[in-house]
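For reference, the structure is listed below as structure tokens.
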Amino acid sequence: MGLPGSQWRIQELVEEHYPNLYRYAYRLTGSAADAEDLTQDTFCKAQSQLGQLRQAERVKPWLYSILRNAYLHRVRSRQQQRCVSLDQVGDLPEAPADPLPEVEPERLQQALAELDEVFRTPVILYYFEDFSYRDIAEQMDLPIGTVMSRLARAKAYLRSRLLPAAPALADGPRRATDGL
Amino acid sequence: MDCRTARLLLDFARPRVPELAAPEADALHRHLADCPDCAAVQRLERRLDEPLARAMRDVPLPAGLRERLLEKVAAPPTVPRWYRRKAVWSGLAAAVVLLAFGWYWFNLPLTQLDLAALHERANNQPVSAHAVVEQFPHDRLQVALLGGLAVEAPPRFNYNLLTYHGICELQGQRVPFLEFQNGSNLLRVYILDGKRFDIQALAGLVMSGRVSHRIELSPDNRFGWLYEYTGGRLDRFFDPEVLPAI
């Protein structure tokens with residue numbers, strides 16, 4: 001006997017999306033156990049609300065959105081995390097020499113943990129390369145300009161923390177918010 | 001296209017997630033071909049992004065994660081333990097509140113009707129002095145019998161004389177009433193619920209005057225009928241088919 005429709009659908013969603021959802025959760029939380037819990041919560045919630053999903057093509061942002069809300073719910077119920085201020089982050093690193101060294105994932109996680117969630121979420125989604133600016137803006141319920149501004153500052157912070165400095169480009173260093 | 005616009009559009013021209021419309025993408029492409037500075041910025045951006053993007057996605061998946069997730073969604077949804085505990089405590093709290101409310105309700109002190117004050121006031125004011133909350137034409141008696149309040153109407157009256165029934169306020173309580181008219185004489189019957197009024201203490205009491213009062217209990221003692229009438233005689237409102245007893 002086959003599975004009921006919604007059961008079949010949720011299993012399909014798990015198969016298709018669990019690796020990236022887990023990675024997103026891990027980058028948000030920095031903990032394998034929390035990431036697994038969040039991923040599990042996300043699919044359980046999706047299972048109970050599957051009937052509310054009207055557009056099948058929106059399933060990916062929908063799942064990411066559920067996961068982020070679950071994460072925010074947990075964060076709010078815990079103590080406030082200490083985050084660095086990005087006010088001092090202005091200049092992007094200048095052009096580094098070839099080849100660029102690989103970034104250690106653990107160091108990246110440390111740097112992410114220093115960012116406030118409002119900067120961390122867009123930069124994770126951006127580097128996953130699965131979401132457009134418009135998608136990220138919808139996920140976070142923010143104007144696209146705000147997302148670009150936060151993203152520029154978060155990227156500048158990560159680059160300054162994780163990538164080596166190098167000789168300048170012909171037109172000099174760029175501000176993190178150049179063109180915004 | 002100028003350099004400022006080009007650098008703004010670079011953000012929207014990521015290889016895996018292109019967001020530019022074809023004309024804008026073409027214009028940007030032409031600008032980058034002609035502008036070495038902007039082309040260098042694009043190359044730099046990609047070079048800086050690549051190691052960060054690789055590291056961002058470099059998250060090993062725990063062994064058995066897929067199976068655990070599939071198992072979880074295959075199982076019927078379970079209520080978390082904390083939620084069960086919360087539900088149990090909420091249920092207990094609700095039960096305690098209900099019990100307390102029930103105890104309070106059943107032990108609510110009965111209202112002592114001050115018939116002397118009522119009689120005095122009625123004789124100094126029109127008979128309909130008590131504030132009428134709801135009033136219905138008598139033909140609706142069957143369907144709207146007295147605003148949902150428990151009622152037992154006295155049986156021996158001539159209901160052809162019934163002009164109104166409704167709810168009035170009597171000593172702070174909503175009380176159903178029936179109003180009869182025979183010529184110039186009026187009778188109002190207040191139906192007192194024995195659960196709310198101490199009707200036993202007043203049973204059989206008669207007070208005469210321009211407006212007279214008399215209290216009678218229903219056969220099962222659950223209700224008291226307080227008659228307030230003019231003309232000194234109650235039997236003029238009786239059903240001629242039923243022998244008067246008062």
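The values are calculated or read from the model by the stated rules, or taken from the named source; none is laboratory data. Because the structure is a prediction, the values reported are computed rather than measured. Here the Cβ is made from the backbone with ideal geometry for all residues, glycine too, and neighbour counts use every protein chain on show. What goes into the accessible areas is simple: the full protein's heavy atoms, side chains included, and nothing from ligands, DNA or RNA. Shrake-Rupley method; radii C 1.70, N 1.55, O 1.52, S 1.80 Å.
See the values below:
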{"quantity": "Most to least packed among A:39-45, B:57-63, A:126-132 [average Cβ atoms within 10 Å]", "calculated": "A:39-45, A:126-132, B:57-63"}
{"quantity": "Charge sum, other residues only, whose C-beta stays under 13 Å from B:F180's C-beta, Lys/Arg counted +1 and Asp/Glu -1", "calculated": "0"}
{"quantity": "Value of D in µm² per second that Stokes-Einstein yields for region A:105-162, Kirkwood Rh from Cα pairs, at 20 °C (1.002 mPa s)", "calculated": "189"}
{"quantity": "Around B:S218: net Lys/Arg minus Asp/Glu count, Cβ-Cβ under 12 Å", "calculated": "-2"}
{"quantity": "Net charge dipole size for region A:105-162 [Lys, Arg +1 and Asp, Glu -1 on Cβ; Debye, nearest 20]", "calculated": "360"}
{"quantity": "Cβ charges +1 (Lys, Arg) and -1 (Asp, Glu), total dipole of region A:5-77, debye", "calculated": "340"}
{"quantity": "Charge dipole (region A:105-162, unit charges on Cβ, about Cα centre) - positive-most of A:S160, A:P105, A:G145", "calculated": "A:S160"}
{"quantity": "Leading residue at positive end of dipole, region B:3-57 (Cβ point charges), from B:P36, B:A6, B:L48", "calculated": "B:L48"}
{"quantity": "Positive-end residue of A:Q55, A:C44, A:A25, charge dipole of region A:5-77 with Cβ unit charges", "calculated": "A:Q55"}
{"quantity": "Solvent-accessible area buried by pairing A with B, both sides, nearest 100 square angstrom, 1.4 angstrom probe", "calculated": "4500"}
{"quantity": "Net charge of Cβ neighbours under 12 Å - reference B:D58; Lys, Arg +1; Asp, Glu -1", "calculated": "+2"}
{"quantity": "Ellipsoid equivalent to region B:3-57 - semi-axes via the Cα gyration tensor, in Å", "calculated": "21, 14, 8"}
{"quantity": "Coordinate range along principal axes, alpha carbons of region A:21-76, Å, largest first", "calculated": "32, 17, 17"}
{"quantity": "Region B:201-214 - phi-based ³J(HN,Hα) in whole Hz, Karplus 6.51/-1.76/1.60, Gly and Pro as x", "calculated": "5, 10, 3, x, 5, 10, 10, 9, x, 4, 10, 9, 10, 8"}
{"quantity": "Full-extension gain in nm, B:Y104 to B:A116, via 0.36 nm per residue minus C-alpha separation", "calculated": "1.4 nm"}
{"quantity": "Sorted peptide list for B:195-201, B:103-109, criterion being average Cβ within 10 angstrom, highest first", "calculated": "B:195-201, B:103-109"}
